Structure formats: structure tokens, C-alpha cells
1. Which condition breaks for Pro35 when tested against (1) in contact with a helix residue (DSSP H, G or I) (Cβ under 8 Å, 6 or more places away or on another chain); (2) loosely packed, with under 15 Cβ neighbours inside 10 Å; (3) over 25 Å from Ile195 (Cβ atoms); (4) modelled with pLDDT of 95 or more?
2. With touching a Gly at 6+ places or on another chain (Cβ under 9 Å), among the β-branched types (Val, Ile, Thr) and either in a helix (DSSP H, G or I) or surrounded by 15 or more Cβ atoms within 10 Å (Cβ to Cβ) (or both) as the only criterion, which of Val373, Val302, Val325 stands out?
3. If you go through the range 238-252 one residue at a time, how many are over 23 Å from the mean Cα position of the chain (by Cα) and either open to solvent by less than 100 Å² (accessible area, probe 1.4 Å) or at pLDDT 85 or above (or both)?
4. Show the residue pairs that are 6+ apart or on different chains and have beta-carbon atoms under 6 Å apart, the first residue being within the range 133-147 and closer than 20 Å to Ala159 by Cβ, the second being part of a helix (DSSP H, G or I) and open to solvent by less than 10 Å² (accessible area, probe 1.4 Å).
5. Applying the selection to the range 308-322, what residues are open to solvent by 30 Å² or more (accessible area, probe 1.4 Å) and assigned to a strand (DSSP E or B)?
6. Output yes when any residue across the range 342-359 is among the hydroxyl-bearing types (Ser, Thr, Tyr), farther than 18 Å from Ala154 by Cα, open to solvent by 60 Å² or more (accessible area, probe 1.4 Å) and in a loop (DSSP other than H, G, I, E, B), and no when none is.
7. Give the number of residues within the range 1-32 that are more than 19 Å from Ser204 (Cβ to Cβ) and either open to solvent by less than 90 Å² (accessible area, probe 1.4 Å) or not basic (Lys, Arg) (or both).
Amino acid sequence: MKPPVISAFEPPRRILMGPGPSDVYPQVLSAQAKPTVGHLDPLFIGMMDELKQLLQYAFQTRNEMTLAVSAPGSAGMETCFVNLLQPGDTVVVCRNGVFGERMRQNVERCGAQAVLVDNAWGEPVDPQKVEETLKANPQARFLAFVHAETSTGALSDAATLCALARKYGCLSIVDAVTSLGGVELKVDEWGIDAIYSGSQKCLSCVPGLSPVSFSPAAVERIKQRTKPVQSWFLDQSLVMAYWSGGAKRSYHHTAPVNALYALHESLRMLAEEGLEHSWQRHSEMHQLLKQGLAKLDLQFVVAEQYRLPQLNSIYIPSGVDDAAVRQQLLRQYNLEIGAGLGDLAGKAWRIGLMGYGARRENIALCIKALEEVLA
């Protein structure tokens, strides 16, 4: 069999304004291109310690068990569920989009029972419904919800929901894949017990890593397990010896060295900008986008008070071909926006303003391109 003759892959420079991945900071791409060292190299271990501090800052937590899972946000989700849940547990799962539904699937794959709190797509999780469900299910030990629902652009009140979890003796499991770095998020102040995110959204890093953090109460729950975690790779009792074993780290897996360089740089840049400034920048860019979309008479899916600044779902005008518009934007302007998911498939577009992508020039191009294509 002859070897295939294939040229080196040369990707175009797209402008990524979909639901993720977002545009990656040039400094982050440069960091990833630095020389690879061994994953047990003492210099790399020192960088991991810095990375942990940076993640604690981004999450606003002092949780010792804070690290980056060597896999994308979906693996971060599974990490939280498989470590905390055991067969027979009851979990109240809030579902107001695609990723709440994925939480339900994770619960059931762990052999636990999911009790659902449903809200319409485009709406936040309703705390009153959650409290009623917790009252009706005193056997529940967990409350799981999505802070920023990527499929719709709706932001839920994480502080209130976590307070309800504590009131009814539950640990909280929170999806912050799209919220970390883009909107206010305070793990310790709000009492979040287990949280996961992704590197490719508001952190503007390369895809493939999932920051996670577990509270002391969640760590104690993991220690009290009566059965081994069903996933060897995601078992945090094994991984933490690699992330916090001091100079003598125990080998667990070959870490994605260069991707962790990239995450280190993106988090360093976030710390340099300051969390509050990053939250404010995303909010200001959302207002600019909102003004431009209003001129095109394009309507948001989510009510203004619940709207994510970094993920904007807008209804597709009647008679407009969804796929044709997105293809034309990509072909003529090198601009990517996202299609709708689930109940919003074919009905909405999702425009991302995440991290490095939350810039005036991106918004100006997006509005002008949409105006020309829709005309």
C-alpha cells in the first residue's frame, strides 16, 4: 500500500463568533508552540502549581481540589458526576436547554435517579420550582444546573440556586462552561460544591481542557464512596496525587503539556486584565451588538434581564435560509456564527462574544456582514 500524498494542513484565519470555540489570543497560540517538556519535569510541575493558583482566581475559590481535566468540558461534566454520584442517589436536575439534558443523561449513566425541573428554552432556571421539587424529594442529595445555558444564551441565578441546595442538604453541581471569565462567578461566596468549565469559551484558549473545582464537602463525599469511581481516568482521588503531590508527583497520565502552556497563558492574561474588568468588557460588547442587531430588526430569544452577554441567541427572520446565511458568512467574510440546537434548531442563530472575540471590530464586521447577506 502506497503512502498517501497529503499536503500540510493550512487552516484559514476565521473570525469565530459562534458558541465556541472562540477566537484564541495570539499569545496563547504562541505559548502552545513552546518546546515540549516531560509532564514530570520539575519546571513543568512548577507551572502546574501556578496554573492551579490561576484557576482558583478565575473560579474565585480556595478549594484545594482545583485543576484542569485533560479533556474538554464534557469530560469536566462527567468528572463531577462520576466522582460524586453512586447508584441509587437522587439528583434534582434543572433542564432548560441541551446541557441540562446532558446532566440528566450523566446522572442516569451513574445509576442514580434524576428528578427533573423543566423550564422553557430561553428561560433561566426558576428557583421557586427548584425549591418545590427539593421539598417534595427530601431524599435528594444533589442539585445540578447549568449556570449559562450555551444552547439558548440564558443565565440562571447560581447564588440563589446554591443557597437552596444548602437549605435542603444537597451538594450543588454547576456547569460553568460558558460563564467562566465572562460573567460574575464566585464559587466560595455562592457555596458551589462542584463546578466545571471549558478552555475554549471566555478563556479564549485552545479547546481540549476542562477546569474543575470541588469544595471540601464534595471532597469528603468522594472519600466516603463505598464503590470505586466507574471511570479510572476521571477518578479524582487518583488525579489529585498528580496535581498536588508537591515535587514528588505520582504518575497518572501523560498530561497535554503544550495545551496546558496555553491555558496557563490565557489564565495569566485574565488575571492581568482582572475578572471584574473582563465581566464588564463582555457586558459592554453585548450592548454594542444589541444596538447593531436592533438596526437590523433582529430579535433576541432570551429576555434582557436573563441574557448572557457572551452568547446571544437571535431569531432567524421568517423566510431566511439558516444554513445558506451561515455558509455565506463563512465563505465571503471568514465569519462563523452558530446554528440553533434542540428546540431552537433552524429557528435561531447563536452569536458568541467570548474572551478575545469580544472586540469592537468583530461586532462591526458581524453587523455589516449580516446586513449585506440578509439584504
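1. It is condition (1) that Pro35 fails.
2. Val302
3. 10
4. Close Cβ pairs (under 6 Å, with a partner that is part of a helix (DSSP H, G or I) and open to solvent by less than 10 Å² (accessible area, probe 1.4 Å)) amount to Leu143/Ala165; Ala144/Met103; Phe145/Leu161; Val146/Gly100; His147/Ala158.
5. The initial filter retains those residues of the range 308-322 that are open to solvent by 30 Å² or more (accessible area, probe 1.4 Å), namely 315, 317-321.
Listed by number, the list holds a single entry, Tyr315.
6. First pass over the range 342-359, keeping only residues among the hydroxyl-bearing types (Ser, Thr, Tyr): 356.
Keeping just the survivors that are farther than 18 Å from Ala154 by Cα gives 356.
Applying the additional criterion that residues be open to solvent by 60 Å² or more (accessible area, probe 1.4 Å) yields 356.
After this cut, where a residue has to be in a loop (DSSP other than H, G, I, E, B) as well, the list is none.
No.
7. 9
Yes/no matrix, rows are residues, columns are (1) aliphatic (A, V, I, L, M); (2) surrounded by 24 or more Cβ atoms within 10 Å (Cβ to Cβ); (3) closer than 17 Å to Ala217 by Cα:
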{"site": "Ala58", "(1), (2), (3)": "yes, yes, no"}
{"site": "Ser74", "(1), (2), (3)": "no, no, no"}
{"site": "Asp89", "(1), (2), (3)": "no, no, yes"}
{"site": "Val93", "(1), (2), (3)": "yes, yes, no"}
{"site": "Val98", "(1), (2), (3)": "yes, no, no"}
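The values are calculated or read from the model by the stated rules, or taken from the named source; none is laboratory data. From a predicted model like this one, the values you see are computed outputs, not experimental measurements. When we count neighbours, we look across all protein chains shown, and the Cβ atoms used for this are built from the backbone with ideal geometry, even at glycine. What goes into the accessible areas is simple: the full protein's heavy atoms, side chains included, and nothing from ligands, DNA or RNA. Shrake-Rupley method; radii C 1.70, N 1.55, O 1.52, S 1.80 Å.
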